[in-house]
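This structure is in structure tokens; I'll ask about it shortly.
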Amino acid sequence: MCERELGMLDINRKPKPMLLEMKRFSEFLNSSGIDLPPKKSDAVCILSQGQDHWGIANVTYILSRQAGLDIDFCYCEQELPDSRIYLLPSVTAMTMNKHSYDKLKQKVREGATLYIFLCFYQMNFSFTSL
């Protein structure tokens, strides 16, 4: 499926009208003196290697909102933000490197909840020691 209607730039790397409007809105907010409250986040969705990030993030966001959760996203190689809940959707064989995996296990040891969505495979996760 070709998604030419998505994106902020056209084929010549010129801004589409929606990007220009976002710039105008940003300028309005900056000049208005309005202080928006910080974003509330209940959970962090970790997007892992070898995934369709757009599709998985979209479905995870919709399901999280239906469950009453506001979520943030991070890539598995980034530093994990602090959270009480971590979502690891559509896990396949290539999920994350050992360093990131160990950091996630440490967060779980410290009391965070990890919800793993398996993707067609029975994975061998070593969370038994937790």
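Kindly indicate the residue of the stretch 18-71 that is small (Gly, Ala, Ser) and in contact with a Pro (Cβ under 9 Å, 6 or more places away or on another chain) and also farthest from SER90 (Cα to Cα) among those meeting that condition.
Selected residue: SER41.
If I go through the stretch 49-71 residue by residue, how many of them are loosely packed, with under 14 Cβ neighbours inside 10 Å and not in a helix (DSSP H, G or I)?
The number of residues fulfilling the criteria is 5.
Name the single residue, out of those in the stretch 33-48 being among the hydrophobic types (A, V, I, L, M, F, W, C) and under 24 Å from LEU6 (Cβ atoms), that is surrounded by the most Cβ atoms within 10 Å (Cβ to Cβ).
ILE46
Residues of the stretch 75-115 being crowded, with 16+ Cβ neighbours inside 10 Å and part of a strand (DSSP E or B), which ones?
If the condition is that a residue be crowded, with 16+ Cβ neighbours inside 10 Å and part of a strand (DSSP E or B), then ILE85, TYR86, LEU87, LEU88, PRO89, SER90, VAL91, LEU114 are the ones that fit.
Residue under question is LYS98, and the condition is that it be in contact (Cβ under 8 Å) with a residue 12 or more places away in the chain, under 21 Å from GLY111 (Cα atoms) and of a type in the set (Lys, Arg); does it hold?
So LYS98 does not fit the description; no.
The numbers here are math on the coordinates, done by the rules we state, and not lab data. Note that the structure is predicted; figures quoted are calculated from it, not measured. Neighbour counts run over all protein chains shown; Cβ positions are idealised from the backbone, glycine included.
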